[in-house]
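Novice: Handing you a structure now.
Quick note: the coordinates plus some simple rules give every number you see, no bench work behind them. Quantities reported herein were computed from a predicted structural model and do not represent experimental measurements. Backbone-built Cβ (ideal geometry, glycine too); neighbour counts: all protein chains shown.
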Amino acid sequence: MRRIAVYPGTFDPVTNGHIDLIRRGLTMFDRVIVAVGINPGKCPLFSFEERLQMMKEVLQGMENVEVAGFEGLLVDFARESGACAVLRGLRAVSDFEYELQRAIMNRKLDRSIETVFLMTGFRWIYISSTIVKEAARFGGSLEGLVPPLVERRMQEKFAEMCENRT
């Protein structure tokens, strides 16, 4: 029996911390499905289609990784995908409080889907998509924080936003 995990997120944008977590997840699971989600509570920089495409390009060639889009309940997507677990990364205590609530609710909705928490690699502990976007918005270097493709797309996106304001 193959052990499949779903790694969900908005991934706006995908960071090197996300990629590290995917690689580490592959040491525990036979396959990781990266589930790019639509979250009505967030206003992402990139459209759903852009985020999905970037993730596919960034992970191209990585064995046993699938990229899929989803909307709705995570446990429904996980069940339909044949997953036994949801993979989540934790950077700080504040992440744990938020993620614990979600894990408990997912467990209530479907007891067959476990949640596996991985501590973010020390190298990436301070990185979040929000911080990366803020740095990029003001012209900060993203070298080493995101894949080069993502950095380029962010520069293009912010340049386009500036042009639209004038």
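Novice: Which pairs do you get when a residue that is more than 16 Å from Y7 (Cα to Cα), found in region 87-99, comes within reach of a residue that is assigned to a loop (DSSP other than H, G, I, E, B), reach meaning Cβ atoms under 8 angstrom, with the pair 6+ apart or on two chains?
Specialist: What qualifies is A92/I125.
Novice: Assess whether F11 counts as being assigned to a loop (DSSP other than H, G, I, E, B), under 21 Å from P148 (Cβ atoms) and not charged (D, E, K, R).
Specialist: For F11, the condition - assigned to a loop (DSSP other than H, G, I, E, B), under 21 Å from P148 (Cβ atoms) and not charged (D, E, K, R) - is met.
Novice: Between residues in region 48-60 that are β-branched (V, I, T) and residues that are surrounded by 15 or more Cβ atoms within 10 Å (Cβ to Cβ), which pairs lie under 6 Å by C-beta distance while being six or more apart or on different chains?
Specialist: V58/V14; V58/P147
Novice: Sort out which residues of region 120-166 are among the small types (G, A, S) and within 20 Å of K56 (Cβ to Cβ), and write them in order of number.
Specialist: S129
Novice: Also, I was wondering about something else. If R31 passes every condition in (1) over 15 Å from the mean Cα position of the chain (by Cα); (2) in contact (Cβ under 8 Å) with a residue 40 or more places away in the chain; (3) surrounded by 14 or more Cβ atoms within 10 Å (Cβ to Cβ) but one, which one does it miss?
Specialist: Here R31 clears every test but (2).
Novice: What about I22, is it among the β-branched types (V, I, T), assigned to a helix (DSSP H, G or I) and touching a strand residue (DSSP E or B) at 6+ places or on another chain (Cβ under 7 Å)?
Specialist: Working: among the β-branched types (V, I, T): yes; assigned to a helix (DSSP H, G or I): yes; touching a strand residue (DSSP E or B) at 6+ places or on another chain (Cβ under 7 Å): yes.
Considered against the rule, which asks whether it is among the β-branched types (V, I, T), assigned to a helix (DSSP H, G or I) and touching a strand residue (DSSP E or B) at 6+ places or on another chain (Cβ under 7 Å), I22 comes out as yes.
Novice: Within region 109-166, work out how many residues are among the charged types (D, E, K, R), under 20 Å from F46 (Cβ atoms) and free of Cβ contacts under 8 Å to residues at least 60 places away in the same chain.
Specialist: Counting residues in region 109-166 that are among the charged types (D, E, K, R), under 20 Å from F46 (Cβ atoms) and free of Cβ contacts under 8 Å to residues at least 60 places away in the same chain gives 9.
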